[in-house]
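Please treat every number below as a calculation from the coordinates, not as lab data. On a predicted model such as this, the values are computed, not experimentally measured, just so you know. Neighbour counts run over all protein chains shown; Cβ positions are idealised from the backbone, glycine included.
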């Protein structure tokens, strides 16, 4: 029993030392790939996409054409920012808003999937993109500059 406790303690200690940046990178790529793929699908067949927004998605207050353009724009620009780790926290905001709209008005039964997206986006929003990112290197460069007087 003591040997099992020691093994578990060693494993937990090892996991505690794992870099958070690996998880941040995985979250950026994982959720970014989902959104980017959806954006590519939308622009590959535009008229059926608009019809889908008109007949199935029916986002309130927005005409189907505008809703489709907004969704495609978010899905094709924000993931690229996430992949590069550039303006990452800002990029998560429209993606979180889109996930909220999808969950609330389009597919509320798919809440588990949407919660997964929101969790990955929330990690990036709260903890940042990690060291494998342009944001990290910009921050390093900005804070190492001598102050001008």
The chain, helix-only ellipticity at 222 nm - DSSP H runs n ≥ 4, -39,500 (n - 2.57), divided by all residues, nearest 500: -24000 deg cm²/dmol
Cα gyration tensor shape for region 55-104, rounded if a/c is under 1.5, else prolate or oblate: prolate
Full-stretch length increase - residue 113, residue 56 - with 0.36 nm per residue and alpha-carbon distance subtracted: 18.6 nm
Highest-MSF residue in the chain out of 76, 125, 61 [GNM, Cα springs under 10 Å]: 61
Normalised contact order of the chain, rounded percent, pairs of Cα under 8 Å and 6 or more residues apart: 29 percent
Hydrodynamic radius by Kirkwood, which averages 1/r over all alpha carbon pairs of the chain, in angstrom: 17.5 Å
Peptides ranked, highest mean first, by Cβ atoms within 10 Å: ranges 25-38, 107-120, 127-140: 25-38, 127-140, 107-120
Length gained when the stretch residue 44-residue 142 is fully extended (0.36 nm per residue, less Cα-Cα span): 31.3 nm
Per-residue Cβ neighbour rank within 10 angstrom, fewest leading, 22, 74, 124: 22, 74, 124
Order of 49, 77 under a 10 Å beta carbon neighbour criterion, fewest first: 77, 49
Separation between Cα centres of region 89-142 and region 32-53, rounded to whole Å: 19 Å
